[in-house]
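*Asks:* Quick one: the structure is below, questions incoming.
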Amino acid sequence: DAGITQSPRHKVTETGTPVTLRCHQTENHRYMYWYRQDPGHGLRLIHYSYGVKDTDKGEVSDGYSVSRSKTEDFLLTLESATSSQTSVYFCAISESEGAGGYTFGSGTRLTVV
Amino acid sequence: GENVEQHPSTLSVQEGDSAVIKCTYSDSASNYFPWYKQELGKRPQLIIDIRSNVGEKKDQRIAVTLNKTAKHFSLHITETQPEDSAVYFCAARPAAGNKLTFGGGTRVLVKP
């Protein structure tokens, strides 16, 4: 397959609870990204990582945090989920700076009720 | 930062006709422009890309053109087929860094 998996695939959670989404890759790529996809907004970058323990914010980072303790895993945490964070979350990987496009995971559909 | 605008948001074409999707970008330093296709319920997948040192690139029925002066690029799909129905995203990446900025997407429907 694509060498990138996301878990869980679907999750329903209550407002105010913490939620962690996992992205796991077997490609040994340096760069990993978290995007959210909402109708009319395309794909918007939440956070990204350019190496173990090296992360930075994207354009819609408020309410989210990330961690990358191993090359293969990139975790996205919603500290206190809100209804506005209901979305489809995609993880992506790329090999190096200047390399081609991303490879995306299959996505996690998160519903906050 | 980079801003990418994509038009139209929806496009309906008759099978066999051509489809054209246009994107504009704001950062003149952007030098890499990929296009992704996302079928319903699936992940976005790269279908074609172009770098700023090239004006046009073709792959079978799809082609991408780039006008650096005007800061716009377009996706052309010829002889459309029902399996071309999907959402298409354009994106741009500046020379410094590795982050893609995506357009809002175009939903293409090919009517048989």
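*Asks:* Exactly one of (1) part of a strand (DSSP E or B); (2) away from chain A (no Cβ under 14 Å) is unmet by B:A70. Its number?
*Replies:* (1)
*Asks:* Among the residues that make up region B:52-71, is at least one of them closer than 14 Å to B:V20 by Cα, surrounded by 16 or more Cβ atoms within 10 Å (Cβ to Cβ) and not aliphatic (A, V, I, L, M)?
*Replies:* There is at least one residue in region B:52-71 that is closer than 14 Å to B:V20 by Cα, surrounded by 16 or more Cβ atoms within 10 Å (Cβ to Cβ) and not aliphatic (A, V, I, L, M).
*Asks:* Right, something else. Go through region B:75-84 residue by residue and tally those that are surrounded by 18 or more Cβ atoms within 10 Å (Cβ to Cβ) and either within 11 Å of another protein chain (Cβ to nearest Cβ) or polar (S, T, N, Q) (or both). Spell out the reasoning first.
*Replies:* As a first pass, look at region B:75-84 and keep what is surrounded by 18 or more Cβ atoms within 10 Å (Cβ to Cβ): B:75, B:77, B:80, B:84.
Checking which are either within 11 Å of another protein chain (Cβ to nearest Cβ) or polar (S, T, N, Q) (or both) leaves us with B:80.
Number satisfying all stated conditions: 1.
*Asks:* Within region A:1-111, which strands (runs of 3 or more DSSP E) (wholly inside it) include 3 or more residues that are more than 12 Å from chain B (Cβ to nearest Cβ) and either at pLDDT 95 or above or touching a helix residue (DSSP H, G or I) at 6+ places or on another chain (Cβ under 7 Å) (or both)?
*Replies:* So the answer is A:10-13, A:19-25, A:64-70, A:73-78.
*Asks:* Something else now. Considering only residues that are assigned to a strand (DSSP E or B), farther than 20 Å from A:G101 by Cα and away from chain A (no Cβ under 12 Å), which ones fall in region B:8-63? Working first, answer last.
*Replies:* Kept after step one, since they are assigned to a strand (DSSP E or B), are these residues of region B:8-63: B:10-14, B:19-25, B:30-38, B:45-51, B:56-59, B:62-63.
When the remaining residues are screened for being farther than 20 Å from A:G101 by Cα, the result is B:10-14, B:19-20.
Listed by number, the residues that qualify are B:L11, B:S12, B:V13, B:Q14, B:A19, B:V20.
*Asks:* Still on this model: State whether one or more residues within region B:89-107 are under 23 Å from A:A99 (Cα atoms), away from every other protein chain (no Cβ under 12 Å), surrounded by 17 or more Cβ atoms within 10 Å (Cβ to Cβ) and among the aromatic types (F, W, Y).
*Replies:* no
*Asks:* Follow-up question, since we're still on this one. In region A:95-110, which residue that is within 16 Å of A:Q6 (Cα to Cα) and touching a Lys or Arg at 6+ places or on another chain (Cβ under 8 Å) is surrounded by the most Cβ atoms within 10 Å (Cβ to Cβ)?
*Replies:* Restricting attention to region A:95-110, the residues satisfying the condition of being within 16 Å of A:Q6 (Cα to Cα) are A:102-110.
Remaining after also requiring touching a Lys or Arg at 6+ places or on another chain (Cβ under 8 Å): A:104-110.
Working: A:F104: 24, A:G105: 28, A:S106: 16, A:G107: 23, A:T108: 23, A:R109: 15, A:L110: 21.
Filtering region A:95-110 for residues that are within 16 Å of A:Q6 (Cα to Cα) and touching a Lys or Arg at 6+ places or on another chain (Cβ under 8 Å), the one surrounded by the most Cβ atoms within 10 Å (Cβ to Cβ) comes out as A:G105.
The values are calculated or read from the model by the stated rules, or taken from the named source; none is laboratory data. Everything quoted here is computed from the prediction, not taken from an experiment. No Cβ is skipped: glycine too gets one built from the backbone with ideal geometry, and neighbour counts run over all protein chains shown.
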